[in-house]
1. I need to check one value: relative contact order of chain A, counting alpha carbon pairs closer than 8 Å and at least 6 residues apart, in percent.
2. Where does the longest stretch of chain B lie that holds no trypsin sites (Lys or Arg not before Pro) found in a DSSP loop with 15 or fewer other Cβ atoms within 10 Å?
3. Check cross-link reach from A:Lys26 to the lysines: straight Cα distance under 17 Å, and skip same-chain residues fewer than eight apart.
4. From the phi of every residue in region A:73-80, what ³J(HN,Hα) in whole Hz does the Karplus formula 6.51 cos²θ - 1.76 cosθ + 1.60 yield, where θ is phi - 60° and glycine or proline is x?
5. Per-residue mean of other chain beta-carbon atoms within 10 angstrom of the beta-carbon, peptide B:102-112?
6. Report the accessible surface area buried between chains A and B, summing both sides, using a 1.4 Å probe on protein heavy atoms only, in Å² rounded to the nearest 100.
7. Can you compute the FRET efficiency between A:Thr27 and B:Ser39 using 1/(1 + (r/R0)^6), with r the Cβ-Cβ distance and R0 = 30 Å? Round to the nearest 0.05.
8. For region A:53-108, what class follows from the C-alpha gyration tensor (a ≥ b ≥ c being the square roots of its eigenvalues): rounded when a/c is under 1.5, otherwise prolate if a/b is larger than b/c, else oblate?
Amino acid sequence: SQQGEEDPQALSIQEGENATMNCSYKTSINNLQWYRQNSGRGLVHLILIRSNEREKHSGRLRVTLDTSKKSSSLLITASRAADTASYFCASGYSTLTFGKGTMLLVSP
Amino acid sequence: DTAVSQTPKYLVTQMGNDKSIKCEQNLGHDTMYWYKQDSKKFLKIMFSYNNKELIINETVPNRFSPKSPDKAHLNLHINSLELGDSAVYFCASSRPPRRTPPPETQYFGPGTRLLVL
């Protein structure tokens, strides 16, 4: 069964704006991970946040985790055209289950 | 220096044929996976192998048979291909959990685009 659900399904913004994507999950997790998939490519790991962490930063990425609400958000600040991709959250206790992804389009 | 590689990149074949997709990782990982990504981008795990042993086998038709000759390779053989098998198949690998609990970060191959006519 599907674990994660991303929201929104698609997001279109201008370069320089911030992009926020949300993810909800259903069962207990040890960690939650975010991946990016460029068109026609494999998934690339972006960031991992453990179940005992609330916020994590990596460059222009900021991830939050609220285990009481079973939700996470990914914030990309000062977006660039190169950030155009699909973003997936993946979570689980022993194995990863992926959501359906948010398609982000950043226009120059 | 490709970490996880898959061959072929594209595969176009007729219904009823048998085909194989190969995957190799040079990361020294113990665990390898096969995923299927459908046209709506939904990524679903099919199989997982750890040290050449099957540990996850989701509800997948038995026409799909994974084979792991060694830790670095996980191949996927598909018999009697059907139209619904058309999808992108991704191989991935991860190292075993160390100090912190699983699941570990996964490293994906570039995908094999399978089209069944």
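1. Rounded, it is 40 percent for chain A.
2. B:64-97
3. A:Lys69, A:Lys70, A:Lys100, B:Lys44
4. Calculated HN-Hα couplings, in order: 9, 10, 10, 10, 8, 6, 4, 10 Hz.
5. Per residue, the number of nearby Cβ atoms from other chains is 6 on average.
6. Chain pair A/B: roughly 1700 Å² of buried accessible area.
7. 0.65
8. oblate
The values are calculated or read from the model by the stated rules, or taken from the named source; none is laboratory data. All values derive from a computational prediction rather than experimental measurement. Note that each Cβ is placed from the backbone with ideal geometry, even for glycine, and that neighbours are counted across all protein chains shown. Each accessible area value is taken on the protein alone, full model and side chains, heavy atoms only, with ligands, DNA and RNA left out. Shrake-Rupley method; radii C 1.70, N 1.55, O 1.52, S 1.80 Å.
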